[in-house]
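Only one structure is covered here, and it is reproduced in the block below.
Please treat every number below as a calculation from the coordinates, not as lab data. Bear in mind that the values here come from a model prediction, so they are computed numbers and not experimental data. As a convention, Cβ positions derive from the backbone with ideal geometry for all residues, glycine included, and neighbour counts pool all protein chains shown.
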Amino acid sequence: MNDFQVIIRRLLLNAAMIIRLWYFAAVFTFIIIFPSLVFSQNDSVVDSPKVTADNIIVAKDAVKKEFVPSPHKATLLALVPGLGQIYNRKYWKVPIVYAGFGVFAYLAAFNQNYYADYRDAYYHSFVDDGSPPVNEYEEKYPQDFLRDSKNFYRRNRDLNYILMGVWYALSIVDAAVDAHLATWNVNDDLSMKFEPAVYQGIYDFKPGGGGLRLTLMIK
């Protein structure tokens, strides 16, 4: 097996593992979400019955109050992954948050294992004391290939650590934005639409053309 085939094999293995992990994450997410869709509770709070000064309980219709999350509280709770989504009552997002962490953690560990193997093989290849190779890679490949492979897996490991941090930041941003959107005022007085537009030329100096027009209407 030449060097090019080894590199292609590595890339295919990484791609196959990512697809497999996302498949299991999707199945796990469906298992978690489906019961919550069937047995979901109303996002409302019911007032307690009022009591008069004479300790007579007055029967009244339950007044439903819509749950409005606090963006500040949602952001603070989101420092613990998934807790901000639970506070916003977006329970279906929690498996997605943890699936993302699981994928990046697995890929980081995968690349760390190969990095350690190629690193040991590379450094031991400089030792000329008659000792046997530390692993099969030192026995198979030259020093240049061992060095390049070591750097390749180290970069992939570090990249997955960075992506894990980005995923963590996005989970916090998602919780904060969801809480803000809960108070977004959208009613019949506001409307926005995209529509195609055709522009005519101006005195032959500017040619006509087509495009999209954004229309915002406030009544």
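Values computed for the structure shown
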| quantity | calculated |
| --- | --- |
| Local electrostatic count at Ala108 - Lys and Arg +1, Asp and Glu -1, tallied over other residues with Cβ under 13 Å | +2 |
| Least to most buried among Asp128, Asp117 (fewest other Cβ within 10 Å first) | Asp128, Asp117 |
| Charge context of Ser171, other residues only, Cβ under 14 angstrom, K/R +1, D/E -1 | 0 |
| Check: the stretch 66-136 dipole with +1 on Lys, Arg Cβ and -1 on Asp, Glu Cβ, in debye | 860 |
| Residue-count net charge about Tyr161 - beta-carbon cut-off 14 Å; Lys, Arg +1, Asp, Glu -1 | +2 |
